[in-house]
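Report on the following structure.
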Amino acid sequence: MATRMKLKLKTVFVLYFMVSLMGLVYALMQLGQRCDCAEHDMPKDRTISRLRGELHRFQEQIRKSEATKQPQKQPAKPTIFVITPTYARLVQKAELTRLSHTFLHVPQLHWIVVEDSPHKTPLVSDLLLKSGLTYTHLHMPTAKDRKLQEGDPSWLKPRGVEQRNEGLRWLREDRRAQPGGDNQQGVVYFADDDNTYSLQIFEEMRSTQRVSVWPVGLVGGMKYERPVIEGGKVVRFHTGWRPSRPFPMDMAGFALSLKLVLANPESCFDGDAPMGFLESSFLQGLVTMDELEPKADNCSKVLVWHTRTEKPKMKREEALQAQGLGSDRAVEV
Ligand code: UGA
Ligand code: MN
């Protein structure tokens, strides 16, 4: 009896052992097997497709709001046509480099550069090409008898006259050739290559209707010259010399509307104008004092300066050249 009990217990124990062992083997076999994860992945997939849907909706919303957004109907800024006479001398590249860097900060500016030369020079051509500006390159030599000679005092003959007139001629012709109604929209400004221009002065002149005016610093032997304003009108001019001139202003102190320039196709600078009358020679007949539009806070701010660059001395260069040791001529300065 006891022996049979023992046998049964042993059988149960063996069976229990066998079943546990099989369970263990099965479990081990399952490890490392690819499982059919469809069930596990279901929530993950749902999250992904929900997020995709939301992203799509957001993209749609952005697309729709951008499509319906009215492009800000800002009227196009009138172009400022800047006419600059320039002539070859040691400081020319430095002057034009500085000027071009100022103009790069001015939106809607078209630079009309007129060389006082019988041909376009490589120095100016190259500088303009690399400038990044919208420009027109012209040339017009000053007649020999009208040109300042070495040693002449600078006031003896007017400068930049034929060049400014050539700029005006090109502008009138070019505008006529432009189709569309806005070929008359714009402002014309005469910017000598050696002056100093604040960016603000260009925004001031952009709204010119006929002729706008403002102060010029460091000119005419004065800290500044300026139109004097009373009741919003120019009543006289603050200047140290011949205030009786029709328009006793420097070239840098006024701008005109393109419309006015086009409506008066004959008006130009008079190379025979007496000293100090060059600006008057052009403005006379185009505008009256009463019509002048004061800018720069009623002409109370100096935003442009009649700076002049010192002529560099070349004594040592010449001495070295005499010994055949001068600076390399191939290096452009
Ligand atoms: C002053 C005025 O600011 C000028 O606008 C005016 O033309 C001149 O007087 C004048 O009475 O004729 P200022 O500094 O004395 O100017 O003259 P520059 O700066 O020497 O010359 C005015 C412009 O003409 C410059 O852009 C200069 O590059 C150009 N220029 C000068 C030439 O194209 N050719 C020349 O032989 C000399
Ligand atoms: Mn000058």
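For the reader, a short list of remarks on this structure follows.
- Screening the chain for whole DSSP H helices with an alpha carbon extent of at least 18 angstrom along the helix axis and a mean Kyte-Doolittle hydropathy of at least 1.0 yields 2-30.
- When the pairs Lys77/Lys233; Lys144/Lys223; Lys147/Lys311; Lys120/Lys311 are compared against a 29 Å limit on Cα-Cα distance, Lys144/Lys223 fall above it.
- With N counted as the residues of segment 67-205, its alpha-carbon radius of gyration over 2.2 N^0.38 Å works out to 1.18.
- Taking every protein chain into account, the accessible area of segment 141-223 amounts to 49 square angstrom per residue (probe 1.4 Å).
- Taking amide H as placed 1.01 Å from N in the peptide plane, Phe190 has its amide H under 5 Å from the amide H of Ile83, each at least 5 places away in sequence or on another chain.
- The chain - charge dipole about Cα centre, Lys and Arg +1 at Cβ, Asp and Glu -1, debye rounded to 20: 2300 debye
- Per residue, the convex hull spanned by the Cα atoms of segment 266-333 amounts to 217 cubic angstrom.
- Rel. contact order, % - alpha carbon contacts under 8 angstrom, at least six apart, the chain: 17 percent
- Sulfur and carbon atoms: percent of accessible area, the chain [1.4 Å]: 57 percent
- √(5λ) per eigenvalue of the Cα gyration tensor, segment 149-275, largest first, Å: 26, 21, 14
- Gained length - Lys223 relative to Lys313, 0.36 nm times residue gap less alpha-carbon distance: 29.7 nm
- 222 nm mean residue ellipticity, helices alone, for the chain (DSSP H n ≥ 4; -39,500 (n - 2.57); rounded to 500): -12500 deg cm²/dmol
- Convex hull volume per residue, computed on the Cα atoms of the chain, equals 366 Å³.
- In units of the compact-protein estimate 2.2 N^0.38 Å, segment 125-184 shows a Cα radius of gyration of 1.52.
The values are calculated or read from the model by the stated rules, or taken from the named source; none is laboratory data. Computed from a predicted model, the values in this text were never measured in an experiment. Every residue, glycine among them, receives a Cβ derived from its backbone with ideal geometry; neighbour counts consider all protein chains shown. Remember, those area values only see protein heavy atoms, side chains included, never the ligands or the DNA or RNA. Shrake-Rupley method; radii C 1.70, N 1.55, O 1.52, S 1.80 Å.
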